[in-house]
1. Among residues belonging to segment 22-65 that are in contact with an Asp or Glu (Cβ under 6 Å, 6 or more places away or on another chain) and under 18 Å from residue 171 (Cβ atoms), point out the one that is surrounded by the fewest Cβ atoms within 10 Å (Cβ to Cβ).
2. Counting only residues that are in contact with a helix residue (DSSP H, G or I) (Cβ under 6 Å, 6 or more places away or on another chain), assigned to a loop (DSSP other than H, G, I, E, B) and surrounded by 15 or more Cβ atoms within 10 Å (Cβ to Cβ), how many does segment 107-119 have?
3. Of 222, 192, 251, 178, which residue is under 22 Å from residue 34 (Cα atoms), of a type in the set (A, V, I, L, M, F, W, C) and over 20 Å from the mean Cα position of the chain (by Cα)?
4. Consider residue 95 carefully, then state whether it is under 13 Å from the mean Cα position of the chain (by Cα), in a loop (DSSP other than H, G, I, E, B), under 23 Å from residue 190 (Cα atoms) and not aromatic (Phe, Trp, Tyr).
5. Of all residues in segment 236-260, which are under 30 Å from residue 122 (Cα atoms) and either exposed (fewer than 15 other Cβ atoms within 10 Å of the Cβ) or modelled with pLDDT of 95 or more (or both)?
6. Scan segment 25-38 and give yes if some residue there is farther than 21 Å from residue 256 by Cα, modelled with pLDDT under 95 and assigned to a helix (DSSP H, G or I), otherwise no.
7. Take residue 122 and tell me if it is crowded, with 19+ Cβ neighbours inside 10 Å and either in contact with a helix residue (DSSP H, G or I) (Cβ under 9 Å, 6 or more places away or on another chain) or not β-branched (Val, Ile, Thr) (or both).
8. If I go through segment 171-199 residue by residue, how many of them are in contact (Cβ under 8 Å) with a residue 40 or more places away in the chain, surrounded by fewer than 18 Cβ atoms within 10 Å (Cβ to Cβ) and not charged (D, E, K, R)?
Amino acid sequence: MALNSLRKLAIYILSLLLLVPSYSQAKELKAVYAQDYLPFSWGDEQGLARGVEVDFVKALLIEKLGFKASHTIFPWARAQAMVEEGQADVFVTIPNKKRRSYALVSDIPLFSSNFLMHTGASNPKKSRLSTITNLKDLIKQEDIIHGHIVGAGWHSVKLKGVRSLKIAPSSLQILQLLDRNRIDVYIEQTPLIRYQIKTLGFEGRIEEIPHILEETHWHICLSKKSSFSGVMPQLNALLVKMKNDGTLLKLQEEVFSQYQ
């Protein structure tokens, strides 16, 4: 009788355990990033994902929360589609209406950055651009040719309706267009484009116009179709704790210090 009772108890406990979701038993979390988006994300000579976004994902999801993860570089439009379709679990991005429709967004941003204008050093419209201090006035300049990369969500929204726009497949091509005056202005975040100008050899050829057009915030996002979507409350709790005790600021400083 006692043996039968123990067997029944063991079966009952096992059935309860099977009902509890176990993320550790799931396949490894798949993180995707944009190609050639230095220093935020890019693939090195061995094809390994590197950059600011990769460092944050590793620090939070792997080192802090203990998950296993793969890190893969794709064209940015494809990476977004993979998260939307549930083929990938996580990306780091600036949330917009469309992205929020298919991804859960962290309550607290990983970091913030400013959008500034950039133009070619020899661009004949440089002086006029330097007098513009906001996006509304910039868009009114109908002869100004804008540029951005494929899949750039911020630009697709903010520059909707501009008269002249060229879209390039990567940040390198955008810098080349600026350098050759084939576009007049590229609005981009300061830590990103400063690093690109330095590492890609455009110093002295592309200039920053120091008027902040917008501050933006980068969040970690989980696909709503991902088996890891239930992790978001745990991640949010971690970010709140890190913000309050100062370790999030320390992490930001450590990560960005590598890409100056």
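The values are calculated or read from the model by the stated rules, or taken from the named source; none is laboratory data. This one's a predicted model, so the numbers in the text were calculated from it and none came from an experiment. Positions of Cβ are backbone-derived with ideal geometry, glycine not excepted, and every protein chain shown enters the neighbour counts.
1. 50
2. So the answer is 2.
3. On the way: 222 fails: over 20 Å from the mean Cα position of the chain (by Cα); 192 fails: over 20 Å from the mean Cα position of the chain (by Cα); 251 fails: over 20 Å from the mean Cα position of the chain (by Cα).
Step by step, each of 222, 192, 251, 178 is checked, and only 178 is under 22 Å from residue 34 (Cα atoms), of a type in the set (A, V, I, L, M, F, W, C) and over 20 Å from the mean Cα position of the chain (by Cα).
4. Criteria met by residue 95.
5. If the condition is that a residue be under 30 Å from residue 122 (Cα atoms) and either exposed (fewer than 15 other Cβ atoms within 10 Å of the Cβ) or modelled with pLDDT of 95 or more (or both), then 260 is the only one that fits.
6. Taking every residue of segment 25-38 in turn, at least one turns out to be farther than 21 Å from residue 256 by Cα, modelled with pLDDT under 95 and assigned to a helix (DSSP H, G or I).
7. Values: crowded, with 19+ Cβ neighbours inside 10 Å: no; either in contact with a helix residue (DSSP H, G or I) (Cβ under 9 Å, 6 or more places away or on another chain) or not β-branched (Val, Ile, Thr) (or both): yes.
The answer is no for residue 122.
8. Going through segment 171-199 one residue at a time, the tally reaches 5.
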